Amino acid sequence: MMTTKIFVCPVVIPAKSPVAFMILFAVLMFLMLTDSIVSNISLESAAFTQKQDSQSLQTLTVTRNIKSDVVLPLSLTVSTKNNIVDGDSEHQNSLASSLGVREKHGIGKFRRKLPEHEILKSDELTKKFHGRVLEFFNRGCELHFFMTWISKVGSFGRREIMAAESVFKAHPNGCLMILSRTMDSVQGYRILKPLLDRGFKVIAVAPDFPFLVKNTPAEAWLDDMKSGKKDPGVIPLAQNLSNLMRLVVLYKYGGVYLDTDFIVMRSFKGLKNTIGAQSIDVVSKNWTRLNNAVLVFDMKHPLVLKFIEEFALTFDGNKWGHNGPYMVSRVVRRVEGRPGYNFTILPPMAFYPVDWIKIGGLFKMPKDRAGSRWIEAKVQQLKRQTYGVHLWNKQSSKLVVEEGSVMERLMAQN
């Protein structure tokens, strides 16, 4: 016969002691009742804590919707227990929506500090900027050209090299300075070396941004951006910094600014204090919009100063073009015809002969004899009437240059 051993804590109970039995029974009942009370208290405490967390989150949300002087960085992480609000790049659209809601309801603006950006850094390299500019342009330059590049050095590709090469095709004795921290490097030098080997005067220089904006209306704008008094917005910062940098460099030194997707077709030597119209009214022939992809201005020209002032005073980082093409259009519309502002507005054919919507047509090969005649006529028209062609990179960067197209002809000739 098998026996089962049961291990229990030994409790000595006198078999024949009813008083002891009653005491033990009372103790057991007391312990059971106490355990139940403690459990209920714990559950209530947990519920209260959860309610507190919920109230804390609601309070945080209300506070952030009301306060207008809260400065929050781009990488925003607000945590309340199990609730996390993340404001990294993938959530920029929600931040923009939040800004729109606040403005719609008349609530204070949601402001974020200007993020640390390579182009804004000041170091031993950028401190040499002014001296390098003077030295470079003191080399018998026919014209001074500027471009800006605020992208990675590896992104400066064949199209950008083609644009630079077209400058020298039309201006063999011109000087081209590319304002870029990334291109002012060993890798950048290697990219530009084929042009240097051909004797062209081209250089990439890391700009001193604080120096460029000093003693201009943009100096206060930059201070406000850094302190969080102005919102950099959701438009890529590089785009707006490029819009400003082309203005301040022309104001400080004078010369010609070109976008890196502009193909020069003939000399700019006869141009002075010039801006181009992007579109005109077909009936009145008056310009309807200007563009800042090509700017030709003397040093310290009053119109360029007005551009800088307008940029700083009306900056909006949430509207595409507001600080660029639309900005120059606003200013020129106000000052056109006033004394002291001597400048020329060229028709679209000068710099923007093909609108961005139709730029794809320049890349297509002819499908028949009529198409071939159109391409030939277009090439001849461009040679006679335009200083260059803006390629509208955002629309055309992925297009293939097809055989026999207008673009193939332009590339071969320029």
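Observations
- Any hit, segment 357-364, residues being among the β-branched types (V, I, T), closer than 21 Å to D281 by Cα and either open to solvent by less than 40 Å² (accessible area, probe 1.4 Å) or over 34 Å from the mean Cα position of the chain (by Cα) (or both): yes
- Boolean, T288 is among the hydroxyl-bearing types (S, T, Y) and under 25 Å from the mean Cα position of the chain (by Cα): no
- Scanning segment 274-326 for residues that are in a loop (DSSP other than H, G, I, E, B) and of a type in the set (A, V, I, L, M) yields V282, V283, M299.
- The residues in segment 232-272 that are of a type in the set (S, T, N, Q) and either more than 21 Å from A164 (Cβ to Cβ) or outside the structural domain of A170 (by the TED database) (or both) can be counted, and the count is 1.
- Of the residues contained in segment 386-405, none is found to be modelled with pLDDT of 85 or more and part of a helix (DSSP H, G or I).
- Residue in segment 199-221 that is part of a helix (DSSP H, G or I), more than 30 Å from G317 (Cα to Cα) and open to solvent by less than 60 Å² (accessible area, probe 1.4 Å) present: no
- Count of residues meeting criterion [in a helix (DSSP H, G or I) and closer than 27 Å to L120 by Cα] in segment 159-196: 13
- Residue in segment 304-326 that is out of contact with any helix residue (DSSP H, G or I) (no Cβ under 9 Å at 6 or more places or on another chain) and open to solvent by 60 Å² or more (accessible area, probe 1.4 Å) present: yes
- Scanning segment 327-375 for residues that are assigned to a loop (DSSP other than H, G, I, E, B) and among the small types (G, A, S), we see that the one that is nearest to L410 (Cα to Cα) is G337.
Results for (1) among the aliphatic types (A, V, I, L, M); (2) touching a residue at least 12 places away in the same chain (Cβ under 8 Å); (3) surrounded by fewer than 17 Cβ atoms within 10 Å (Cβ to Cβ), shown as yes or no for each residue.
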{"position": "G254", "(1), (2), (3)": "no, yes, no"}
{"position": "T260", "(1), (2), (3)": "no, yes, no"}
{"position": "N273", "(1), (2), (3)": "no, yes, no"}
{"position": "G276", "(1), (2), (3)": "no, yes, no"}
{"position": "T288", "(1), (2), (3)": "no, no, yes"}
{"position": "A293", "(1), (2), (3)": "yes, yes, no"}
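- In a residue-by-residue description of segment 329-342, the property of being in contact (Cβ under 8 Å) with a residue 60 or more places away in the chain, assigned by the TED database to the domain that holds G228, under 18 Å from W287 (Cα atoms) and open to solvent by 60 Å² or more (accessible area, probe 1.4 Å) applies to at least one position.
The values are calculated or read from the model by the stated rules, or taken from the named source; none is laboratory data. A quick note: this is a predicted structure, and the numbers were derived from the prediction, not measured. As a convention, Cβ positions derive from the backbone with ideal geometry for all residues, glycine included, and neighbour counts pool all protein chains shown. The area values use the complete protein model at the heavy-atom level, side chains included, leaving out ligands, DNA and RNA. Shrake-Rupley method; radii C 1.70, N 1.55, O 1.52, S 1.80 Å.
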